[in-house]
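For reference, the structure is listed below as structure tokens.
The values are calculated or read from the model by the stated rules, or taken from the named source; none is laboratory data. On a predicted model such as this, the values are computed, not experimentally measured, just so you know. Because the Cβ atoms are built from the backbone with ideal geometry, glycine has one as well, and the counts that use them run over all protein chains shown. Please note that ligands, DNA and RNA were not included when accessible areas were found on the heavy atoms of the full protein model with its side chains. Shrake-Rupley method; radii C 1.70, N 1.55, O 1.52, S 1.80 Å.
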Amino acid sequence: MNYTIALAGHPNSGKTTTFNRLVGGREKEGNWPGTTVERKDGRLSYQGQEISVVDLPGTYSLSDYSIDEQIAVQYLINEKPDVVAAVVDASHLERNLYLVVQLLEMGLNVILVLNMMDLARETGVDVNAVQLAEILKIPVVETVASRGHGISLLKDTILKAQGRKPEKLLIDYGELREGVVALENFLGPKEVIPGLNNRALAVKILEDEEDILQQLEHRQDFSTILQMRRGIEARLGKSAEMYIAERRYAFIKGLVKECAGHFMPIQERLTMSDKIDRVMTHRFGGIPIFLSMMYLLFSLVFKAGEPMVNGLDAGFTRLGRELAQFILAAGWPAWIGSFVSDGVIAGVGGVLSFLPYILLLFFGISILEDSGYLSRAAFIMDRAMHALGLHGKSFIPMLLGFGCNIPGIMATRTLSSHKDRILTILVLPLMSCAARLPVYTLFAGALFPRRQGEVVFSLYVLGIVLAIIMARIFRGFLFKEETAPLVMELPPYRMPNFRNTFFLMWLRAVLFIKKAGTLIFVAVVFIWALASLPVGVEYASEQSIIGQIGKFLAPALKPAGFGFWQAAVALLFGIFAKEAVIGSLATLYGVGEEGLTAVLPQYFTPLSGYAFLVMVLIYIPCLATVVVIKNETNGKWAALAVGYTIALGWLLSVGVYQVGRLIVG
Amino acid sequence: MNALEQVPDGQKVRVVKIDAGREMTTRLKHMGISEGDEINVLQNMNGPLIVGKGNLRLALGRGMGRKIWVEKL
């Protein structure tokens with residue numbers, strides 16, 4: 001028998017940490033169907049029982065304001081989990097209990113997890129768990145999930161809660177009391193929406209919950225229901241929805257008064273955290289401090305990561321070469337050697353070589369997040385980013401994108417608004433990543449010998465300008481609503497928990513390899529095949545399939561000044577990895593990479609060379625990036641990212657070349 | 001009665017009215033600010049604000065301070 005438990009709670013309540021502690025890495029990530037919201041399913045084995053654990057999106061309530069809340073409500077009604085563990089930040093009981101109250105009204109089998117008990121004690125909050133349990137008539141477990149305290153007790157409680165028959169919680173709705181009863185009676189004795197008791201349904205109807213109302217639309221008595229709702233609200237004389245929220249909070253206030261107290265007087269004085277904030281968010285000092293932090297993060301990920309990545313790269317290249325030689329020596333045909341070294345090893349290497357960046361990135365961001373600084377950073381950048389049509393939290397991902405798009409895209413997980421997240425991801429590839437730099441420097445060195453620096457810099461600036469423009473365009477066409485003004489909780493500063501950080505970092509890395517790895521690997525082998533077929537052809541030559549594709553595409557590149565098949569093939573290889581543009585040009589012209597400096601001016605003029613670089617800047621993110629975009633959002637957005645960058649790249653490189661021709665002649 | 005945006009650092013105020021539409025108002029409520037609450041203005045950066053209530057700290061971005069009306073305590 002499948003025993004399922006769902007985890008619900010505020011975004012900052014430690015719900016995810018609790019989930020990780022319960023399933024210990026046995027998790028599957030995906031998306032809630034039809035959405036880009038992450039869904040996490042895990043398994044917990046305890047005392048011989050296998051329990052499915054579902055991590056619901058973090059929500060403040062179960063109304064229908066955001067897609068997260070809609071998903072949570074629909075899941076709870078339709079898939080009726082056996083138990084719901086409500087993870088609550090014990091130091092902010094009043095706010096956190098709202099969700100719990102709604103869960104209890106829905107008649108679910110709830111376990112209250114009082115998490116962050118350490119923080120509660122530190123801030124002088126004293127919670128009487130026993131009394132809470134008595135009044136709410138549910139099991140209550142105290143935990144400090146980040147340190148693992150209380151987790152076994154939680155597991156015990158989960159097991160024992162099996163088969164419990166919960167009572168639905170009845171909140172006194174004051175002036176709406178009669179209205180609720182009338183509506184409930186009208187709905188009848190049988191559950192109108194299976195999985196939701198009629199009283200809770202009546203309250204949701206009065207709250208004007210669109211999602212729920214949609215499910216009732218088909219009913220014959222729907223208009224009567226709406227009429228009743230309007231009548232009840234008219235008699236109330238104010239917004240029923242807000243009144244209902246007020247009544248719930250009134251109940252909670254009473255509850256908290258009974259069950260929690262402060263053993264330190266409520267501090268209205270400045271705490272240590274506030275004092276730190278005076279510096280960190282200082283009007284003038286805040287930004288330099290922030291930029292230093294960003295520099296640190298950037299250095300951590302790329303300066304520390306690069307040697308590792310290069311090491312892995314070199315290691316894999318050597319491995320590939322040695323294997324190829326070995327195969328040759330063993331007398332096997334050359335193509336097997338090529339398959340192994342240019343296909344398989346290159347593929348595996350392609351995936352694993354991103355790993356150091358990913359590990360370091362998640363390590364760095366975890367530290368920033370755990371310590372509490374991340375929310376301050378988003379707050380500081382909010383104004384600047386808003387002027388560009390983006391969210392404050394988009395700054396870090398975009399900054400990271402200058403090193404490598406992949407960590408940048410993964411960093412967008414800190415954005416809670418899905419629309420902002422997708423927007424940032426779409427625009428990120430325009431942040432010129434480090435892999436493109438060798439291409440720029442080579443071309444600039446060959447074609448603009450005295451202006452190398454300016455040329456390269458201009459490309460970076462162009463990327464940023466385009467990102468801003470595209471952000472505005474996308475926001476206008478796809479995400480019509482304005483970013484909501486920022487309202488964000490600033491958690492108190494605290495020392496990050498390193499054990500937790502390492503644990504999370506490791507989890508992420510494994511998941512990355514599993515999800516992205518296979519796809520990237522397949523794609524690399526595919527490109528190898530294109531370059532090696534038909535059989536017997538010289539690798540990546542004009543006669544190979546990829547060469548033929550290049551010849552086919554070449555005319556399209558003529559208006560941009562580089563209508564020859566070698567350029568097309570180089571660009572095709574660049575889809576796999578941007579640095580490959582150089583390597584492939586070298587192969588195609590039969591020179592070493594150093595020789596290219598002499599060869600390039602024979603095929604490119606400075607103008608067509610610049611146009612080529614514009615193309616390299618913009619067109620299609622590298623394959624691995626596309627895969628990650630698809631994994632983090634869905635195929636639709638990945639396709640859009642691919643499509644618009646190719647189109648924009650072509651348009652701009654052609655534009656640059658043609659306009660340049662007019663000016664220079 | 002003033003917009004929260006105009007309240008200087010260190011002032012303590014009571015929230016009189018939140019003028020931000022249904023969704024935003026409820027969201028503020030869930031995050032801990034409702035009409036009738038007493039809050040401290042910890043930092044006012046000419047628009048963006050950090051306010052405190054008990055041990056809660058909230059950052060309010062551009063524009064939000066204009067939608068919350070308060071009176072001095």
> Residue by residue, what Karplus-based ³J(HN,Hα) values in Hz, rounded to whole numbers, does the range B:60-70 have, using 6.51, -1.76 and 1.60 with θ = phi - 60° and x for Gly and Pro?
Replying inline: 10, x, 3, x, 5, x, 7, 9, 10, 9, 9
> Can you give me the pair-distance distribution of the protein assembly as shown, C-alpha pairs, 10 Å bins, whole percents?
Replying inline: 3, 13, 21, 22, 18, 12, 8, 4, 0, 0
> Over chain A, what is the relative contact order in whole percent, taking alpha-carbon pairs under 8 Å and six or more residues apart?
Replying inline: 9 percent
> Considering only DSSP beta bridges with both partners in chain A, what is the antiparallel share in %, to the nearest 5?
Replying inline: 45 percent
> Roughly how many Å² is the accessible area per residue of chain A, as a whole number, for a 1.4 Å probe?
Replying inline: 43 Å²
> When only Cα pairs under 8 Å and 6 or more residues apart are kept, what is the percent relative contact order across chain B?
Replying inline: 46 percent
>> Restricting to DSSP H runs of at least four residues, report the calculated mean residue ellipticity at 222 nm for chain A, -39500 (n - 2.57) per run over all residues, nearest 500 deg cm²/dmol.
In response: -19000 deg cm²/dmol
>> How large is the translational diffusion coefficient of the range A:9-109 in µm² per second when you combine the Kirkwood radius over alpha carbon pairs with Stokes-Einstein at 25 °C and 0.890 mPa s?
In response: 174 µm²/s
>> Which residue, A:Ala523, A:Phe512, A:Gly231, has the largest displacement toward the positive end of the dipole of chain A when charges sit on each Cβ (Lys, Arg +1; Asp, Glu -1)?
In response: A:Ala523
> For the protein assembly as shown, what is the charge dipole size about the Cα centre, in debye to the nearest 20, if Lys and Arg each add +1 at the Cβ and Asp and Glu each add -1 at the Cβ?
Replying inline: 720 debye
> By how many nm would the segment from A:Arg230 to A:Gln49 lengthen if fully extended, with 0.36 nm per residue of separation less the alpha-carbon distance?
Replying inline: 60.2 nm
>> Take A:Met272 and B:Lys17, extend 7 Å from each Cα along the Cα→Cβ direction, and tell me the distance between the two endpoints in nm.
In response: 4.3 nm
> Which listed residue (B:Val13, B:Thr26, B:Leu56) has the Cα farthest towards the positive end of the charge dipole for chain B, taking +1 on Lys and Arg C-beta and -1 on Asp and Glu C-beta about the Cα centre?
Replying inline: B:Thr26
> From a point 7 Å beyond the Cα of A:Arg451 in the direction of its Cβ, which residues of the range A:596-615 have a backbone N at a distance under 12 Å?
Replying inline: A:606-611
>> Full-extension gain between A:Glu542 and A:Ile646, please, as 0.36 nm times their residue separation minus the C-alpha to C-alpha distance.
In response: 35.1 nm
> Could you give the dipole magnitude of chain B about its Cα centre, charging the beta-carbon of Lys and Arg +1 and that of Asp and Glu -1, in debye to the nearest 20?
Replying inline: 120 debye
> R0 = 30 Å: FRET efficiency of A:Ser416 with A:Glu178, Cβ-based, nearest 0.05?
Replying inline: 0.20
> Assuming R0 = 41 Å, what is the FRET efficiency of A:Asp156 and A:Leu533, from their Cβ-Cβ distance, to the nearest 0.05?
Replying inline: 0.10
>> If R₀ is 51 angstrom, what is the calculated FRET efficiency for the pair A:Val591 and A:Ile468, using the beta carbon separation as r and rounding to 0.05?
In response: 0.85
>> Between A:Leu328 and A:Lys190, what is the label-point separation in nm under the 7 Å Cα-to-beta-carbon projection?
In response: 7.8 nm
>> I need to check one value: relative contact order of the range A:519-578, counting alpha carbon pairs closer than 8 Å and at least 6 residues apart, in percent.
In response: 23 percent
> How many nm is it between the label spots at A:Gln220 and A:Lys303, if each spot is 7 Å from the Cα in line with the beta carbon?
Replying inline: 7.6 nm
